[in-house]
Amino acid sequence: MKRLTLILAILLTASCMLTISATQKKDKENAAPKEKALVVYFSATGNTTRLAKQLAEQHHADIYRIIPATKYSQADLDWHNSKSRSSVEMANDKARPNMKGNVKHTEKYDTIYLGYPIWWGVAPRIINTFIDANPGLKGKTIIPFATSGSSTIDKSVEDLRATYPALNIKEGIEITH
């Protein structure tokens, strides 16, 4: 009889431990999913690339570089020349320079960090190209980040909000170099 009682006690204990283990596993599976982040950036000279990589590492985020279909040369970036490619693009708020490729499945991300250098006080027009090509950004939290030699990010964020009022664009992060 003592032996039967001992066996029943062991079986009952094992059963309880299995139930607790299964409940804990189910609780973990049902826990709120971690937010998924993506760092998307455009960099003409490499400054924004460094910041994008740091953000992606810090937030355990995927990363995607916006690459123009035609690379910007030094002459293209000469802001002193009103006929340079960047000057012509920035003078036209409807300009949408072509880009290579695009992010796949933006719907799987909760937060998008959107990085760029400040050009003429705002985001380069290729950022508009990216936003226009990704209607799945609606409903996402978008956090701009920018690099600049002298301008603040404020005007660029204001401009993006005015151009895309349906997007949830938050305050930006700026790095002055």
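The values are calculated or read from the model by the stated rules, or taken from the named source; none is laboratory data. If you're wondering where the values come from, they're calculated on a predicted model, not measured in any experiment. Because the Cβ atoms are built from the backbone with ideal geometry, glycine has one as well, and the counts that use them run over all protein chains shown. Ligands, DNA and RNA are excluded from the accessible area calculation, which covers all protein heavy atoms including side chains. Shrake-Rupley method; radii C 1.70, N 1.55, O 1.52, S 1.80 Å.
Figures for the structure shown
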| item | result |
| --- | --- |
| Residue list for the range 136-166, restricted to those being open to solvent by less than 50 Å² (accessible area, probe 1.4 Å) and under 23 Å from residue 108 (Cα atoms) | 136, 137, 140, 141, 142, 143, 144, 145, 160, 164 |
| The lone exception for residue 79 - which of (1) open to solvent by 20 Å² or more (accessible area, probe 1.4 Å); (2) in contact with a strand residue (DSSP E or B) (Cβ under 9 Å, 6 or more places away or on another chain); (3) closer than 29 Å to residue 139 by Cβ it fails | (3) |
| Search result, residues across the range 42-65 that are buried (at least 17 other Cβ atoms within 10 Å of the Cβ), of a type in the set (Val, Ile, Thr) and either touching a helix residue (DSSP H, G or I) at 6+ places or on another chain (Cβ under 6 Å) or not in a helix (DSSP H, G or I) (or both) | 63 |
| Single residue of the range 90-109 satisfying the filter (basic (Lys, Arg) and without any contact (Cβ under 8 Å) to a residue 40 or more places away in the chain) that is least open to solvent (accessible area, probe 1.4 Å) | 96 |
| Options 145, 130: the member that is at pLDDT 95 or above and in a strand (DSSP E or B) | 145 |
| Count of residues meeting criterion [assigned to a helix (DSSP H, G or I) and of a type in the set (D, E, K, R)] in the range 66-123 | 4 |
| Selection within the range 156-170 - within 16 Å of the chain's Cα centre (by Cα) and either among the hydrophobic types (A, V, I, L, M, F, W, C) or part of a loop (DSSP other than H, G, I, E, B) (or both) | 157, 160, 167, 169, 170 |
| Residue 112 being within 19 Å of residue 55 (Cα to Cα) and free of Cβ contacts under 8 Å to residues at least 40 places away in the same chain | no |
| Lone unmet requirement of (1) touching a helix residue (DSSP H, G or I) at 6+ places or on another chain (Cβ under 7 Å); (2) surrounded by fewer than 18 Cβ atoms within 10 Å (Cβ to Cβ); (3) within 19 Å of residue 52 (Cβ to Cβ) for residue 173 | (1) |
| Qualifying residue in the range 14-33 (condition: in a strand (DSSP E or B) and either modelled with pLDDT of 85 or more or open to solvent by 50 Å² or more (accessible area, probe 1.4 Å) (or both)) | no |
| Conditions (1) in contact (Cβ under 8 Å) with a residue 24 or more places away in the chain; (2) surrounded by fewer than 16 Cβ atoms within 10 Å (Cβ to Cβ): number failed by residue 124 | (2) |
| Scan of the range 141-152 for residues that are under 17 Å from the mean Cα position of the chain (by Cα) and within 17 Å of residue 119 (Cα to Cα), ordered by number | 144, 145, 146, 147 |
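Table: residues versus (1) within 13 Å of the chain's Cα centre (by Cα); (2) among the small types (Gly, Ala, Ser).
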{"residue": "106", "(1), (2)": "yes, no"}
{"residue": "114", "(1), (2)": "yes, no"}
{"residue": "119", "(1), (2)": "no, no"}
{"residue": "123", "(1), (2)": "no, yes"}
{"residue": "126", "(1), (2)": "no, no"}
{"residue": "129", "(1), (2)": "no, no"}
{"residue": "139", "(1), (2)": "no, yes"}
{"residue": "154", "(1), (2)": "no, no"}
{"residue": "174", "(1), (2)": "no, no"}
